[in-house]
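Working notes, beginning with the structure itself.
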Amino acid sequence: MAKFQLKINGKTQTVDVDPNTPILWVLRDHLNLVGTKYGCGIAACGACTIHLNGVAVRSCSLPVSSIGTGSITTIEGLSQNADHVLQKAWEEHDVPQCGYCQAGQIMSAAALLKRKPKPSDKDIEDAMNGNLCRCGTYLRIKEAIKTASKNL
Amino acid sequence: MSSSIPSYNRRKFLKATGIAGGGLLLNFSWLAGQALTPQELAAMPAEWFELNSFVKIAANGAVTLYSANPEFGSNVKTSMPMILADELNVDWQKVTVEQADFFPKRFNRQFTGGSQGIRQGWKPLRTAGATARQMLHEAAAQNWSVPVAEISSANGMLHHKNSGKSASFGEMASLAATLPVPKNVQLKKESEFSIIGKSKKNVDLKNIITGKPLFGIDHKVPGMLYAMIVHPPAFGMRLKSVDAASVKLMPGIKDVFPIKIMNEEYLRNFFDTATFIEMVAIVGNSTWEVMQAKKNLNATWEVAPDTTFKMAGFQGNSTTQTIPGGLESTEGHRKVFEEMRKKPGNILRKDGNPEEAFSKASKIIERTYTAPFLAHNTMEPVNCFAHVTKDKALIYGPTQAPEFIVGTIADRLGMPKENIQINLARMGGGFGLRAYSHHMVEAAVISQKVGAPIKMLYTREDDMTYGIYRPTYTATYRAALDQQNNLLALHVKAGGIPESPLHQNRFPAGAIDNYLAEGWEKSSNITIGAFRAPRSNFIASAEQSFLDELAEAMGKDPIAFRLELLNRAMTNPVGKNNDYDAKRYASVLELVREKSNWNSPSDAGNHKGVSAYFCHNSYVAEVVETSLKNNKLVVEKVVAAVDCGIVVNPDAAINMAEGGIVDGVGNALFGELSFNEGIPDKKNFDQYKMIRQKEAPRKIEVHFVNNGKEPTGLGEPLFPPVFAALANSLYKATGKRFYEQPFLPQLKANEIAV
Ligand code: FES
Ligand code: FES
């Protein structure tokens, strides 16, 4: 066990965990931030996507000890009032079915728009290909990202 | 499962003080896995007046509607309350939808599956809404001393035209709740619907996009421990021994022990499918610590012999089922297919004299189709919360069918059913998998043993390898043609491990004079379960691919050929038990022909394939358009024509339809689970290829037949036709027929990238 000070959604939080613990489980089990989901544990589904210093990363494969002073954003911290341009677009297109993959989808999309505010279809496909949606909401995800991009 | 509303003792009003205690009715603080915020609490009305099982209204006009069915993503939690709200004449903006717990005294059929939610809920929900509306009218009439017939309502307001009086539902709710429940109520005409047929957003949308705890996996209570199971590594194996000491001293580990999830003599029900009766449980302080112990656990497994169990049947007749021992492999399954194709099957239907017709044929076309086992791979892996105390069990987790597991839990824990409370979590996908809920028994047994609340989680590997798969199937179709290429007879022999995919009374039965359908099945220890449109999802692909090839051999357009057959079934049907309405079937084909511009040439480089199928009471025709630019397959467009009667929530229905289509393209191209010595060859998403953003169709169009008929299924019927529509389109694109699912290996062999 070891103590870590983590910057999460603008707040500093301290946890005492095994240094190998993936940040996903630190968020879910220790900090009660359960919006970030477990899907595969091997960086193959995107359900656990968060931002580390504004870049999309798979939290299931990132040990807490590797975070250092990096700042983490989770779906809970993406906006104050569910008013991130992507969250609004997700509402407009009523994207989710079961909803389980959607936090990861939104976080991947948010990192994309940060990098590329006007992504092409190909940019969207490339950036979102790591995020599985078993329910098959892919077309709506794409449309919602385009809407968000327009509204930026 | 009948679909009426059970009668129960209505409570005249409910105090909101139940909130903190997690009472049965006002339980959403508990369900959400976190306490209400002070603002949310302050906004809660102090009293609710309950008009029936589904409706409660507060004095301030707030309306809460219960959603009784479990939600796995098919929108029932939004669409079903919309039906209630429409008849109730309430303002949808003011409605709060609350997920009901499993509560059989109040609700019938708390089951999500078979695409039956809306269909079977249609009348009961409308009646419940109209009944509550009528009681509010009565209350207003009494209050204003006017005849009830003069009262009208809209948007949560009651009006009396002559006196100009009006009041909100909230003002009349306390009186209404004391009135007798009317026996006969007037339901609205379709033209009077104001909510049904108008798209409403998913009621959980905001919570989903902000990451609120909604799923079983998100649940947590103080003092809760984390649990995982270790199941045998192969089908056909069982636990021999476990060396608990091998991991017990690892950090954070509380306990390690074998669990048994069913009593030997337990009479199982149809949904009691349990792959491994004995497993090892590991309990600890956190998911990660338990995962580490799981990796290091020393357990030995052995090959299990044949085993038997008793299964409850109709009218108290039980049967004994045998599960064969041994380690099965896909290669062995292929051999079974070959042997069974040579043997006669069970004759399921025979019209005319097919043998004679085949003997006279001048040409016989015979084609064989196969499909592998498929894993459901819901995004949320199996998990369940349980808190079992001396005489009570509280279970919270994903299930499509609480009523099929409650008895199993009760029997295993040794408690009366009444002491088992199952609460329904939003599910991260279902697709049929969660109709089988043995994970609830597992969680309950673990909690009982450790004497603490626990949350059990399967790793993705556990989830993908524990069974309840879509079976593997094969079908051979034969057609007899005369010299003028007229169709004389059709013969299908289909089977699977461990079930046959045939629906012998569905199209094209009824349209062909000489028809023979044979089925067979071979048992297996690899467990199976319902998977989005069970059986249909394969037989549609075989049948509709064969009809395409047949049409070509007969020199006919594939749609025109199907319509010809349907016309025969409509005007002069063969046989009696034809399980479809040929007219509705034909109408979706006509609609898809028009909407896909079937008769005009495709865009340059694009190729169209068609397919149609009837299942879950709905008719669907689909045209898939593919291209092969630079030897890369792109599914350019899918056009679907759907007859599922009245569409309650159109945009959500389109979303669901898109999902069924994407699922179909994905499984047709990639879906496959094979076995070697009982071990599944794929364990996680790096190996099991699932459809992703890049492979999804570029465009999907969904057109509903607007015929005002009562609503029927939607979650499943879009799925089965996709496979053949894609195969038929690929034939036009490549000149090759695709007989074996998934299609990816054949595409690769033809140097086509996906
Ligand atoms: S859980 Fe991290 S990518 Fe799947
Ligand atoms: S909405 Fe269900 S997995 Fe994406």
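The values are calculated or read from the model by the stated rules, or taken from the named source; none is laboratory data. This structure is a prediction, so every number in the text was calculated from the model and none was measured. Because the Cβ atoms are built from the backbone with ideal geometry, glycine has one as well, and the counts that use them run over all protein chains shown. The protein model used for the area step is the full one, side chains on, heavy atoms only, and it has no ligands, DNA or RNA in it. Shrake-Rupley method; radii C 1.70, N 1.55, O 1.52, S 1.80 Å.
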Response to the item:
Exception for A:Pro96 within (1) closer than 25 Å to A:Trp25 by Cβ; (2) over 14 Å from the mean Cα position of the chain (by Cα); (3) more than 15 Å from ligand 2 (Cβ to nearest atom) falls at (3)
Discussion item. Of everything in the range A:64-81, what is open to solvent by 40 Å² or more (accessible area, probe 1.4 Å), in contact (Cβ under 8 Å) with a residue 12 or more places away in the chain and within 10 Å of another protein chain (Cβ to nearest Cβ)? Give them in sequence order.
Written reply: A:Glu76
Worksheet item: If we keep just the residues of the range B:666-684 that are open to solvent by less than 10 Å² (accessible area, probe 1.4 Å) and out of contact with any helix residue (DSSP H, G or I) (no Cβ under 6 Å at 6 or more places or on another chain), which is farthest from the other protein chains (Cβ to nearest Cβ)?
Response: B:Gly678
Response to the item:
Wholly inside the range B:334-449, strands (runs of 3 or more DSSP E) that include 2 or more residues that are among the hydroxyl-bearing types (Ser, Thr, Tyr) and either free of Cβ contacts under 8 Å to residues at least 12 places away in the same chain or away from ligand 2 (no atom under 16 Å from the Cβ) (or both) are B:363-371
Worksheet item: Hey, does the range B:110-127 have a residue that's of a type in the set (D, E, K, R) and outside any helix (DSSP H, G or I)?
Response: no
Discussion item. On the basis of being over 23 Å from the mean Cα position of the chain (by Cα) and of a type in the set (Phe, Trp, Tyr), does B:Trp144 make the cut?
Written reply: yes
Worksheet item: So, of the residues in the range B:78-132 that are more than 19 Å from B:Leu714 (Cα to Cα) and among the small types (Gly, Ala, Ser), which turns out to be surrounded by the fewest Cβ atoms within 10 Å (Cβ to Cβ)?
Response: B:Ala130
Item to complete: Kindly check whether there is at least one residue in the range A:89-97 that is among the polar types (S, T, N, Q), farther than 26 Å from B:Glu71 by Cβ and facing chain B (nearest Cβ under 9 Å).
Response: no
Item to complete: State the number of residues belonging to the range A:111-136 that are in a helix (DSSP H, G or I) and within 16 Å of ligand 1 (Cβ to nearest atom).
Response: 3
Practice prompt. Return the only residue of B:Thr287, B:Thr307 being within 20 Å of B:Ile679 (Cα to Cα) and polar (S, T, N, Q).
Written response: B:Thr307
Worksheet item: Restricting the range B:554-601 to residues that are within 26 Å of B:Val635 (Cα to Cα) and in contact with an Asp or Glu (Cβ under 6 Å, 6 or more places away or on another chain), which is least open to solvent (accessible area, probe 1.4 Å)?
Response: B:Val588
Worksheet item: How many residues are away from every other protein chain (no Cβ under 11 Å) and either touching a residue at least 12 places away in the same chain (Cβ under 8 Å) or open to solvent by less than 10 Å² (accessible area, probe 1.4 Å) (or both) when one looks only at the range A:116-148?
Response: 6
Fill in: Selection count where residues are facing chain B (nearest Cβ under 7 Å) and either over 16 Å from B:Lys212 (Cβ atoms) or touching a strand residue (DSSP E or B) at 6+ places or on another chain (Cβ under 9 Å) (or both), scope the range A:98-115
5
Worksheet, complete the sentence: Residue pairs within 8 Å by beta carbon, gap of at least six or interchain, first lying in the range B:255-284 and under 22 Å from B:Pro305 (Cβ atoms), second in a strand (DSSP E or B) and among the acidic types (Asp, Glu), listed first then second, are B:Pro258/B:Glu278; B:Ile259/B:Glu278; B:Lys260/B:Glu278; B:Ile261/B:Glu278
Fill in: Selected residue [within 14 Å of another protein chain (Cβ to nearest Cβ) and modelled with pLDDT of 95 or more] from B:Leu487, B:Leu433
B:Leu433
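One line per residue, one yes/no per condition, for (1) under 22 Å from B:Arg268 (Cβ atoms); (2) within 16 Å of ligand 1 (Cβ to nearest atom); (3) surrounded by 14 or more Cβ atoms within 10 Å (Cβ to Cβ):
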{"position": "B:Thr319", "(1), (2), (3)": "yes, no, no"}
{"position": "B:Gly332", "(1), (2), (3)": "no, no, yes"}
{"position": "B:Val336", "(1), (2), (3)": "no, no, yes"}
{"position": "B:Gly345", "(1), (2), (3)": "no, no, yes"}
{"position": "B:Lys363", "(1), (2), (3)": "no, no, no"}
{"position": "B:Glu366", "(1), (2), (3)": "no, no, no"}
{"position": "B:Tyr369", "(1), (2), (3)": "no, no, yes"}
{"position": "B:Pro416", "(1), (2), (3)": "yes, no, no"}
{"position": "B:Gly428", "(1), (2), (3)": "no, yes, yes"}
